[in-house]
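Novice: Quick one: the structure is below, questions incoming.
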Amino acid sequence: MNPHPSTSSDASGTDASPSFRPLYQQIKALITQSLQSGEWKPGELMPSEVELAGRFKVSQGTVRKAIDELAAENLVVRRQGKGTFVASHAEERAHFRFLRLMPDEGIPHHPDNRFIAVLRIRATAEVARLLELKSGDAVVYIKRVQSFDGVPTILEELWLPGQLFKGLSAERLVEYKGPMYGLFESEFGTRMIRATEKIRAVAADAAASEHLKVPEGTPLLCADRVSFTYGDKPVELRRGIYSTARHHYQNELS
């Protein structure tokens, strides 16, 4: 691809996009392409704004505006006096970006995991639709219970595209001590950058009762999440059942 920004045009030479994109957004798209292609890896220092301005033949102010938006979307991180780095799930500051269950008292911390199942299965029609796969395609299915201070609090099921997550095993999940998204990023080259969630109230069924140690019928939260990587490509489907006896779901609205 031509590394220099331009408006897209069709064969007739007219502008094919429905509306002209400001120059900084074109630069943002080009930087995002470089992130997507792995030119700069998670945690790595990116070229300076001056270097990027030279590369794309635009002003430093245009590059700064593009970086501002990428930082606001948590794709890059600015560090005072050091430069701009590709955001990484391995960083402490990123650990709670996707974990929204917070303790009513005390400091947020990561739960302990107990894996119940890690299987390679065929995608059902619903899973395939949400992950943009074909029905019957291979997916990795993970079921786990997460406990805080010995109290089982989250029952989770995950579905991951089998093609992207070849070789993901129970052993690898158990031995990796950081957040799961850190493993996906470092070992499978798949970075989760945003997610959509649907949250509803449910009553504990027999499985939730057994794994979360609550009576059947106990009110619980159910969150269905689809996580996306660059290019709005869905790469994870996750269903979490939360006990809120000692925790609450926290979100920041801005």
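Novice: Output the residues belonging to the stretch 140-173 that are touching a residue at least 40 places away in the same chain (Cβ under 8 Å), under 13 Å from residue 117 (Cβ atoms) and surrounded by fewer than 18 Cβ atoms within 10 Å (Cβ to Cβ).
Specialist: Passing the criteria: 157, 169, 170, 173.
Novice: Within the stretch 210-219, can one find any residue that is more than 24 Å from residue 124 (Cβ to Cβ), modelled with pLDDT of 90 or more, among the polar types (S, T, N, Q) and open to solvent by 30 Å² or more (accessible area, probe 1.4 Å)?
Specialist: yes
Novice: Now a separate question. State yes or no: is residue 132 of a type in the set (Asp, Glu), open to solvent by less than 70 Å² (accessible area, probe 1.4 Å) and within 17 Å of the chain's Cα centre (by Cα)? Spell out the reasoning first.
Specialist: Values: of a type in the set (Asp, Glu): yes; open to solvent by less than 70 Å² (accessible area, probe 1.4 Å): no; within 17 Å of the chain's Cα centre (by Cα): yes.
Here the answer is no, as residue 132 does not meet what is asked.
Novice: Further question on the same structure: When the residues of the stretch 93-130 are filtered to those that are modelled with pLDDT under 85 and in contact with a Ser or Thr (Cβ under 8 Å, 6 or more places away or on another chain), which remaining residue is nearest to residue 235 (Cα to Cα)?
Specialist: 98
Novice: List every residue pair whose Cβ atoms lie under 8 Å apart, where the two residues are 6 or more positions apart in sequence or sit on different chains, the first residue falls within the stretch 100-129 and is within 13 Å of residue 161 (Cα to Cα), and the second residue, located anywhere, is acidic (Asp, Glu).
Specialist: These pairs meet every condition: 122/137; 123/137; 128/137.
Novice: Output the residue which, of all residues in the stretch 15-37 that are open to solvent by less than 70 Å² (accessible area, probe 1.4 Å) and part of a loop (DSSP other than H, G, I, E, B), is modelled with the highest pLDDT. Outline the logic, then answer.
Specialist: Taking the stretch 15-37 and keeping what is open to solvent by less than 70 Å² (accessible area, probe 1.4 Å), we get 16-17, 22, 24-32, 34-35.
Checking the rest, the ones that are also part of a loop (DSSP other than H, G, I, E, B) come to 16-17, 22.
Details: 16: 46, 17: 47, 22: 89.
By that ranking, first place goes to 22.
Novice: Sticking with this structure for a sec: Of these, 230, 181, which one is under 27 Å from residue 132 (Cβ atoms), in contact with a His (Cβ under 7 Å, 6 or more places away or on another chain) and surrounded by 14 or more Cβ atoms within 10 Å (Cβ to Cβ)?
Specialist: Criteria check complete, one pass: 181.
Novice: Scanning for something exposed (fewer than 12 other Cβ atoms within 10 Å of the Cβ) and charged (D, E, K, R), does the stretch 186-198 turn up at least one residue?
Specialist: Yes.
Novice: Could you check the stretch 60-70 and list, in sequence order, the residues that are closer than 22 Å to residue 233 by Cα and open to solvent by less than 30 Å² (accessible area, probe 1.4 Å)?
Specialist: The answer is 66, 67, 70.
Novice: Of all residues in the stretch 67-89, which are in contact with a Ser or Thr (Cβ under 9 Å, 6 or more places away or on another chain) and over 22 Å from residue 188 (Cβ atoms)?
Specialist: 67, 70, 71, 78, 83, 84
Novice: Suppose we keep only residues that are surrounded by fewer than 14 Cβ atoms within 10 Å (Cβ to Cβ) and not in a loop (DSSP other than H, G, I, E, B) within the stretch 38-59. Which one would you say is nearest to the chain's Cα centre (by Cα)?
Specialist: The extreme case among them is 45.
The values are calculated or read from the model by the stated rules, or taken from the named source; none is laboratory data. Given the structure is predicted, the values throughout are model-derived calculations rather than measurements. Counting neighbours? That spans all protein chains shown, and the Cβs are built from the backbone with ideal geometry, glycine included. Areas reflect the complete protein model, heavy atoms only, side chains present, ligands, DNA and RNA absent. Shrake-Rupley method; radii C 1.70, N 1.55, O 1.52, S 1.80 Å.
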